[in-house]
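Step one of this worksheet: look at the structure below.
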């Protein structure tokens, strides 16, 4: 089971995947630890990815960490299988970079 947390400008979107299928999802304004516990039904995830367009991922990462065996913060420095040809790669939205990776893979 894997968890994806996308911290957008207005909402935090969460999706739990099992075998490549979404088995649970939520959209919330702010992530509370109790919500994560409910979403995962007390289970741990093998891998979690946290990405933020707001830049405030630290609190969410610390909330997710106890539930995941492996946690990755997706940033402009994360190795990906596509070339980021932006003159300033850190200004490309992480959501757009993640979409390009998803389309490629």
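Annotations
- Packing-based exposure ordering (other Cβ within 10 Å, fewest first) of 94, 26, 43, 21: 21, 43, 26, 94
- As a ratio to 2.2 N^0.38 Å, the alpha-carbon radius of gyration for the chain is 1.06.
- Burial ordering of 63, 88, fewest other beta-carbon atoms within 10 Å first: 88, 63
- Three-way shape label, the range 56-105, alpha-carbon gyration tensor, a/c 1.5: prolate
- Neighbour counting of Cβ atoms within 10 Å sorts the residues 16, 80, fewest neighbours leading, into 80, 16.
- The chain - mean residue ellipticity at 222 nm from DSSP helices (-39,500 (n - 2.57) per run, n ≥ 4, rounded to 500): -7000 deg cm²/dmol
Every number in this text was worked out from the coordinates using simple rules, so none of it is lab data. Nothing here was measured: the structure is a model prediction, and the numbers come from that model. Glycine gets a Cβ as well: all are built from the backbone with ideal geometry, and neighbour counts include every protein chain shown.
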